[in-house]
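Take a look at the structure below.
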Amino acid sequence: MVPAPFGYETVTTKYVVAEATPLYISPYIYPGSVNNTKLKPGEAVESLAKAKGYDWILVGKNGIGIGYIPISRLATAKR
């Protein structure tokens, strides 16, 4: 996974996947996905941070960053 080039911003929004998407290794180009992981609509993601300067969210598992998803493929979780 590639660190965001300008760092990260805090994100407090809880997200779910809005449209099927791979989990990307980088927040600013589509260079490839993480282990061919595909996320399905309605799947909750652990939002860790927003890549500063980009509309991408760093998602994680147990607090550890595992990849990025464009915000355009996410929806706010209804809780």
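The values are calculated or read from the model by the stated rules, or taken from the named source; none is laboratory data. Remember, predicted model here, so these are calculated numbers, not experimental data. Note that we place each Cβ from the backbone using ideal geometry, even for glycine, and neighbour counts take in every protein chain shown. Note: accessible area is taken over every heavy atom of the protein model, side chains too, but ligands, DNA and RNA are not part of it. Shrake-Rupley method; radii C 1.70, N 1.55, O 1.52, S 1.80 Å.
Quick check on Gly32: is it in contact (Cβ under 8 Å) with a residue 12 or more places away in the chain and open to solvent by 20 Å² or more (accessible area, probe 1.4 Å)?
No, not satisfied.
Of Pro70, Pro41, Pro5, which residue is of a type outside the set (S, T, N, Q) and within 12 Å of the chain's Cα centre (by Cα)? Break it down into steps so the answer makes sense when it comes.
Details: Pro41 fails: within 12 Å of the chain's Cα centre (by Cα); Pro5 fails: within 12 Å of the chain's Cα centre (by Cα).
Exactly one residue qualifies, and that residue is Pro70.
In the stretch 38-79, which residue that is aromatic (Phe, Trp, Tyr) and assigned to a strand (DSSP E or B) is surrounded by the fewest Cβ atoms within 10 Å (Cβ to Cβ)?
Trp56
Being assigned to a strand (DSSP E or B) and either β-branched (Val, Ile, Thr) or closer than 11 Å to Lys52 by Cβ (or both) is the filter here; which residues of the stretch 1-27 pass it?
Across the stretch 1-27, the qualifying residues are Tyr8, Glu9, Val16, Val17, Thr21.
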